[in-house]
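Below is a structure I'd like to ask you about.
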Amino acid sequence: MTAAEDIAPGRRIAAARKRRGLSQRELGAILDRSETWVSQVERGVRTIDRMSVIERVAEVLDIPASELAGGSAVAAPSAPEDQRAASDLALALVSSISLRAAVDSSNVDGTELAAEAVRAWEYAHSSAYEQLGELLLGLLPEMETAARAASGDESRRAYHALAKAYHAAAAVLSKMSQTSAAWVAVERAIAAAEKSGDPLLMAEGAFRLTLVFQGARWLDLAQRTASSAVDALERLDSQSIEARSLAGALRLQLAIISARSDDAEAAYRYLNEAQVLAETLGGDRNDYETEFGPTNVKVHEVAVAVELGDAGRALRVGESLDDTGLSPERRARLRIDVARAHTQRRNVDDAVAVLEEADVIAPEQVRSHPLVRSLVSDLLQMTPSASEGLSDLATKIGLDQ
């Protein structure tokens with residue numbers, strides 16, 4: 001296939017978009033994609049590899065889907081969503097340190113990039129892994145370029161947005177068990193946070209690193225990282241709500257670490273300390289993307305109880321908890337832990353029902369999470385004949401039955 005043929009679908013999209021009088025940003029908003037994604041598709045840099053996306057683009061632009069599916073803008077069949085998202089996020093990390101980012105002095109709209117960093121976290125909290133990967137693939141190099149080109153307050157704002165974007169990448173990569181890539185993302189986030197002059201953004205980096213270490217079951221490193229960050233926050237002059245949120249979120253991680261180390265006394269002590277901090281906030285918050293507040297403390301109480309094998313406590317707290325104000329990511333994770341509690345009691349049907357709820361809330365998270373794979377495998381072994389729901393879950397996560 002020639003280069004002209006390869007880029008033709010993107011040109012068709014650009015022509016149709018212009019006929020409709022839409023900017024790249026406006027088309028991206030309709031498709032729930034970034035302006036960068038639209039630009040890359042139109043230039044032939046990015047391929048659209050799902051027929052559902054092709055059909056949506058064709059519907060919005062009022063053109064036949066066949067005009068967009070004829071070239072390599074559609075790849076078939078595509079990789080599983082979790083693999084594709086992980087690949088995009090890892091590639092985004094590589095692209096962000098490209099020669100272009102180091103030498104390109106072109107002006108980039110810092111306000112627009114800050115808004116895109118907010119969008120990155122919206123995808124992370126929604127467990128929209130594929131969309132996050134698509135966004136960051138183009139966004140991180142542009143942010144690196146903007147931060148290097150700026151000076152003074154503008155530079156600090158650019159590095160602040162860059163740190164937030166790297167934190168979003170790290171949050172998702174760690175959930176997908178991409179430990180090495182997640183660690184790289186956190187290290188870059190902390191470096192950018194330092195240049196932004198925001199010590200609390202650096203503390204968020206410690207929080208993310210704690211999650212990365214926990215995901216890899218490096219509990220000693222996780223405990224040391226979280227404890228050091230708590231000590232540093234306590235030495236800060238600031239007694240801001242944001243600082244208390246970060247200190248509380250880190251204590252929740254220390255509670256989980258202690259529970260995984262079978263130290264129930266320490267786990268519940270940290271949980272109680274977090275509860276005290278949460279009560280000073282006046283309600284649930286999302287400072288530095290931690291979602292810390294009274295409700296999230298209860299979510300972690302469920303996780304602590306499950307880790308300690310106290311299924312009864314986990315179910316009592318989890319099933320009575322109103323989590324409607326939390327993000328899809330948090331709500332799905334709560335249900336995964338409740339399903340773990342049901343599995344400990346060998347309540348197969350109840351565990352399946354809760355996992356099905358989680359799958360509706362955040363399908364990409366559920367279908368890529370190692371805990372879910374382990375859970376479904378255990379549930380299959382507990383029953384001689386899998387129910388339709390259990391079989392469906394196993395199929396969705398790619399588990400042989």
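Between A362, A229, A150, where does the largest GNM mean-square fluctuation fall for the chain, given springs only between Cα atoms within less than 10 Å?
A150
Give the relative contact order (percent, whole number) for the range 307-395; include only Cα pairs under 8 Å separated by 6+ residues.
Working: 84 pairs, mean separation 22.7, N = 89.
The normalised contact order for the range 307-395 reaches 26 percent.
Now, a different point. I need to check one value: relative contact order of the range 265-336, counting alpha carbon pairs closer than 8 Å and at least 6 residues apart, in percent. Don't jump to the answer; show the numbers that get you there.
On the way: 57 pairs, mean separation 16.3, N = 72.
Over the range 265-336, the number comes to 23 percent.
On the accessible surface of the range 159-235, probed at 1.4 Å, how many percent belong to carbon and sulfur atoms?
Working: 1510 of 2860 Å².
The computed percentage sits at 53.
Is the shape of the range 303-401 rounded, prolate or oblate, going by the alpha carbon gyration tensor and its root eigenvalues a ≥ b ≥ c, with a/c under 1.5 for rounded and a/b larger than b/c for prolate? Before the final figure, lay out the partial values.
Details: a/c = 1.92, a/b = 1.24, b/c = 1.54.
Cα axes put the range 303-401 in the oblate bin.
Additional query: How long is the range 104-233 along each principal axis, judged by its Cα atoms, biggest number first, in Å?
So the extents along the principal axes, rounded to whole Å, are 44, 33, 22.
Also, quick follow-up: In a GNM of the chain with a 10 Å cut-off on Cα contacts, which of S387, S245, S34 has the highest mean-square fluctuation?
Taking springs between Cα atoms under 10 Å, the residue moving most is S387.
Among G28, Q381, Y123, which residue has its Cα furthest toward the positive end of the charge dipole of the chain, with +1 on Lys/Arg Cβ and -1 on Asp/Glu Cβ?
Ranked along the dipole, the leading option is G28.
Another one. Express the carbon and sulfur contribution to the solvent-accessible surface of the range 259-309 as a percent, rounded to the nearest whole number, probe 1.4 angstrom. Could you put the intermediate results ahead of the total?
Working: 860 of 2060 Å².
Looking at the range 259-309 in its full context, I get 42 percent from C and S.
Separate question: Using the heavy atoms of the protein chains and a 1.4 angstrom probe, tell me the accessible area per residue for the chain in square angstrom.
On the way: 17510 Å² over 401 residues.
Ligands and nucleic acids excluded, the result is 44 Å² per residue.
Calculate for the chain the 222 nm mean residue ellipticity that helices alone would give, adding -39,500 (n - 2.57) per DSSP H run of length 4 or more and normalising by residue count, nearest 500 deg cm²/dmol.
Values: 21 runs with 295 residues, N = 401.
My calculation for the chain gives -23500 deg cm²/dmol from helical runs alone.
Using a Gaussian network model on the chain with a 10 Å cutoff between Cα atoms, which of Q24, Q223, Q253 fluctuates the most?
Of the options given, Q24 has the highest mean-square fluctuation.
For the chain, what relative contact order do you get, as a whole percent, if you take Cα pairs closer than 8 Å and at least 6 residues apart? Let's see the in-between values first.
Working: 621 pairs, mean separation 40.4, N = 401.
Normalised by residue count, the contact order of the chain is 10 percent.
Once you order the gyration tensor axes a ≥ b ≥ c over the Cα atoms, which shape class does the chain get: rounded for a/c under 1.5, otherwise prolate or oblate by comparing a/b with b/c?
Values: a/c = 2.25, a/b = 1.26, b/c = 1.78.
Oblate shape, in that a/c is at least 1.5 and b/c is the bigger or equal ratio.
Additional query: Are there any trypsin sites (Lys or Arg not before Pro) in the range 186-277 that are in a DSSP loop and have at most 14 other Cβ atoms within 10 Å? List them by number.
Values: sites: R188, K195, R208, R217, R224, R235, R244, R251, R260, R269; in loops: R217.
Answer in residue order: R217.
Charges at C-beta only: +1 for Lys and Arg, -1 for Asp and Glu. How large is the resulting dipole of the chain about its Cα centre, in Debye rounded to 20?
Numbers: 44 positive and 61 negative charges, 113 e Å.
Value, rounded to 20: 540 debye.
Could you estimate the translational diffusion coefficient of the range 192-331 from the Stokes-Einstein equation, with Rh from the Kirkwood formula over C-alpha pairs, at 4 °C and 1.567 mPa s, in whole µm²/s?
The estimated diffusion coefficient comes to 86 µm²/s.
As an exercise, identify the trypsin sites (Lys or Arg not before Pro) in the range 295-356 lying in DSSP coil whose Cβ has no more than 15 other Cβ atoms within 10 Å. Walk me through the intermediate numbers first.
Details: sites: K298, R313, R316, R330, R331, R333, R335, R340, R345, R346; in loops: R345, R346.
Answer by residue number: R345, R346.
Excluding same-chain residues fewer than 8 positions from K298, which lysines have a Cα within less than 24 Å of its Cα?
K175
Quick check: from the Cα gyration tensor, does the range 136-179 come out rounded (a/c under 1.5), prolate or oblate?
Working: a/c = 4.25, a/b = 2.34, b/c = 1.81.
Judged from the Cα gyration tensor, the range 136-179 comes out prolate (a/c at least 1.5, a/b above b/c).
Leaving ligands, DNA and RNA out of it, report the carbon-plus-sulfur percent of the accessible area of the range 331-401 at a 1.4 Å probe. It would help to have the intermediate numbers written out before the result.
On the way: 1390 of 3300 Å².
The nonpolar share, carbon plus sulfur, comes to 42 percent.
The values are calculated or read from the model by the stated rules, or taken from the named source; none is laboratory data. Owing to the predicted nature of the structure, the values given are computational and were not obtained by experimental measurement. Don't worry about glycine lacking a Cβ; one is built from the backbone with ideal geometry, like all the others, and counts go over all protein chains shown. Ligands, DNA and RNA are stripped out before the accessible areas are found, and what is left, the full protein with its side chains, is counted by its heavy atoms. Shrake-Rupley method; radii C 1.70, N 1.55, O 1.52, S 1.80 Å.
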